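Single-structure report; data block below.
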Amino acid sequence: MSDTMDSQNPSPTEPQKLYRAEAVRQLDGLVISQQQIPAIALMKRAGRAAFDALRNRWPEVSSIQVFCGGGNNGGDGYVIAGLAAQRQIPVTVYVGVPADKLKGEALEAHGFAEREGATLVTSLAELPAVEKNTVLVDALLGTGFSGELRAPLDAAIEHINRSPAPVLAVDLPSGLNADSGFAADAVSANATVTFIGRKAGLFLGRGPALAGDVIFEDLGAAPAVYAQVPAQLTRYSGGSLERLPARAADSYKNQFGHVLIVGGDHGLGGAALIASEAAARTGSGLISLATRPEHVVASLSRRPEVMAHPVVSGQELEPLLESPDVIAVGPGLGHSPWSEQLLARAGRAPAKLVLDADALNILAGGRVLAGIKRDDWVLTPHIGEAARLLGIPTAEVSADPVAAARAIQEKFSGVVVLKGAGTLIAHADGVDVINTGNPGMASGGMGDLLTGIIASLIGQGLALPAAARLGVWLHGEAGNRAAAAGQRGLLATDLLPHVRELVD
Ligand SMILES: NC(=O)C1=CN([C@@H]2O[C@H](COP(=O)(O)OP(=O)(O)OC[C@H]3O[C@@H](n4cnc5c(N)ncnc54)[C@H](O)[C@@H]3O)[C@@H](O)[C@H]2O)[C@@H](O)CC1
Ligand SMILES: [K+]
């Protein structure tokens, strides 16, 4: 872990640290106790940073409406209102929790806004109509939010979301869970200024969609403070990932791995073809496919480079299992006796494994590979498959995807890729998150493509966690490039040319 000056503002070649609310509370406490910055000074810094961010982003701002809750998040909002009033920007504050219920710094900040001449209203109906350059500030709830949203803040959130004016969220969009990215009703913001530590929930689940652009302000917290509180997640972007090495001029195909794709039960042949083509376009030296006989001709005519083998039983798979470096089982595997036999045999091969889709469902069923832990496999569940692997409801996985990814990794070892709006990669040393991708990628075949990409990267020599990270990033980034032509109608195979462009 880096403890340099810039541990929270890493260069583009370093990953970012993300924190849970509890860890941010610890950081806040240490800044106050060890750096001797009083809580009110910290709140003033937070308000000032948010106000500066607002003017930076909306330089034409002509009026501001601030929505304040009853805790310190509301306190930040009152500071923003006071600063706006000082600068003669007309500002109205919706006081969501009556002043006589405010305490400590929030009460002090309320006094500051009032003294500076901000207009304070206690009902949404009293807010003036928004004008062309009105900006809304959401300071209803921050890291102290928990449980189900209570009145009257639910109505305030609805009011903000119905307004045509742009929204700056303070610390977190109100209603968003800071740890999980879970949200029922929550503010949808254009930008979010977040303080002291980047909250994990901004990058998970609904977080990225609700937060808009995330601006981070450390408020002067010292590197020594960050060194005392472990981060919960590490967030990688393109520049911070380990890449494949350049190829030497005298390279030969055996250096780039042999991947075997196993899948394609009756009616499911396309998934296995997509995975094999993805491995080919990611740069594997050799690609084999073991599938139902009826899919072989289709594979040969679409991609003659892939060695397609018909298999009607686990026994026929056996001779194909010796030479591959990596075997990916799952795309279109189905859940017939054929599927179970193939997974059982592949599980005994000497190769590294990538398991996806029905291979995970079979694994969850407990009849095949029961009780096995392996350091040399990657499991790539979506939320539903994750729930089955853990034997818990899907809602529980959504409520805390980081805990779910970690639990699957503890149960099965190896590397777990939990796919979602922020895809999590859990491994022995921690949990990572990657945010590439777009909703156009919610279509059949995308998971098969990812499986082929990750298998190929492992075959080309990356360690499993690095292959999973780079694979997830490539998949999402290729999806973003392909979506330039439109998100609706985006197909998995549309990503292949972009995977090829990006992998080098
Ligand atoms: N502690 C610090 O040193 C700093 C804190 N800061 C701000 O303080 C925030 C955290 O402040 P707090 O811990 O006071 O928490 P919040 O202000 O986020 O939330 C607490 C308030 O929300 C209410 N609340 C909680 N759950 C609710 C629900 N389900 N429905 C309706 N109301 C609910 C509580 O009754 C309380 O009034 C951060 O997000 C950040 O904005 C910043 O000022 C920077 C420094
Ligand atoms: K907020």
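The values are calculated or read from the model by the stated rules, or taken from the named source; none is laboratory data. Because the structure is a prediction, the values reported are computed rather than measured. When we count neighbours, we look across all protein chains shown, and the Cβ atoms used for this are built from the backbone with ideal geometry, even at glycine. Protein only, heavy atoms only, side chains kept; ligands, DNA and RNA dropped before computing areas. Shrake-Rupley method; radii C 1.70, N 1.55, O 1.52, S 1.80 Å.
Observations on the model:
- Rounded tilt (10° steps) of 39-57 against the dominant C-alpha axis of the chain: 70 degrees
- Cross-link pairs beyond the 29 Å C-alpha cut-off, checked among 101/199; 17/44; 132/199: 132/199
- Cα lying deepest toward the dipole's positive end in the range 27-230, options 96, 50, 178, charges on Cβ: 50
- Shape of the range 240-503, Cα gyration tensor, a/c cut at 1.5: rounded
- Taking all protein chains together, 182, 51 sort by accessible area into 182, 51, largest first [probe 1.4 Å].
- Charge dipole (Cα centre; +1 on Lys/Arg Cβ, -1 on Asp/Glu Cβ; no other charges) of the range 393-436 amounts to roughly 120 debye.
- Full-extension gain in nm, residue 184 to residue 25, via 0.36 nm per residue minus C-alpha separation: 54.9 nm
- Amide H contacts of residue 261: 288, 289, 290, 328, each under 5 Å away and 5 or more positions distant or on a separate chain (H built 1.01 Å from N in the peptide plane; Pro and chain starts excluded).
- Cross-link partners for residue 411 among the lysines, with Cα-Cα distance under 23 Å and sequence neighbours closer than 8 places in the same chain left out: 352, 373, 419.
- Built amide H within the under 5 Å cut-off of residue 192, gap 5+: 169, 213, 214, 215
- 3J(HN,Hα) from dihedral phi, the range 474-491, Karplus parametrisation 6.51/-1.76/1.60, rounded to Hz, x for glycine, proline: 4, 4, x, 5, 4, x, 5, 5, 5, 6, 4, 8, x, 7, 6, x, 5, 10
- Distance from the Cα centroid of the range 368-384 to that of the range 388-434 is 11 Å (rounded to whole angstrom).
- In sequence order, the range 150-159 has phi-based couplings of 10, 5, x, 5, 4, 5, 5, 5, 4, 4 Hz under the Karplus curve 6.51 cos²θ - 1.76 cosθ + 1.60, θ = phi - 60°, and Gly or Pro positions carry x.
- Angle between the chain longest axis and helix 21-34 axis [Cα atoms, degrees, rounded to 10]: 50 degrees
- Comparing 493, 414, 330 along the charge dipole axis of the range 240-503, the residue lying farthest to the positive side is 493, per the Cβ-charge model.
- Annotation: residue 105 carries an accessible surface of approximately 60 Å², with a 1.4 Å probe and no ligand, DNA or RNA atoms counted.
- Rounded to the nearest whole Hz, the Karplus-based 3J(HN,Hα) values (6.51 cos²θ - 1.76 cosθ + 1.60, θ = phi - 60°) of the range 131-148 follow the sequence 10, 4, 10, 7, 10, 9, 10, 9, 10, 7, 9, x, 6, x, 6, 8, x, 8, with x at glycine and proline.
- Under the shape rule built on the C-alpha gyration tensor, where the axes satisfy a ≥ b ≥ c, the range 366-445 is prolate, since a/c reaches at least 1.5 and a/b is greater than b/c.
- Once the 1.4 Å probe is applied to the protein heavy atoms, the chain comes out at 41 Å² accessible per residue.
- Set of the range 181-207 residues, backbone N closer than 20 Å to the point 7 Å along the Cα-Cβ line of residue 87: 190-195
- Taking amide H atoms as placed 1.01 Å from N in the peptide plane, the amide H of residue 176 lies under 5 Å from those of 187, each 5 or more residues away in sequence or on another chain.
- Remark: the range 69-133 carries a charge dipole of roughly 80 debye about the Cα centre, counting +1 on each Lys and Arg Cβ and -1 on each Asp and Glu Cβ.
- Projected label distance in nm at residue 255 and residue 302, using a 7 Å step from Cα toward the beta-carbon: 3.1 nm
- Value of relative contact order over the chain, rounded to a whole percent, pairs C-alpha under 8 Å and six or more apart: 13 percent
- Rounded to 10°, Cα long-axis angle of helix 446-459 versus longest principal axis of the chain: 70 degrees
- In a simple Cβ point-charge model (Lys, Arg +1; Asp, Glu -1; nothing else charged), the chain has a dipole of about 240 debye relative to its Cα centre.
- Of 81, 111, 222, farthest towards positive along the dipole that unit charges on Lys, Arg, Asp, Glu beta carbons give the chain: 222
- Between the alpha-carbon centres of the range 69-126 and the range 261-325 there is a gap of 64 Å.
- Fraction of antiparallel bridges per DSSP, the chain only, in percent to nearest 5: 15 percent
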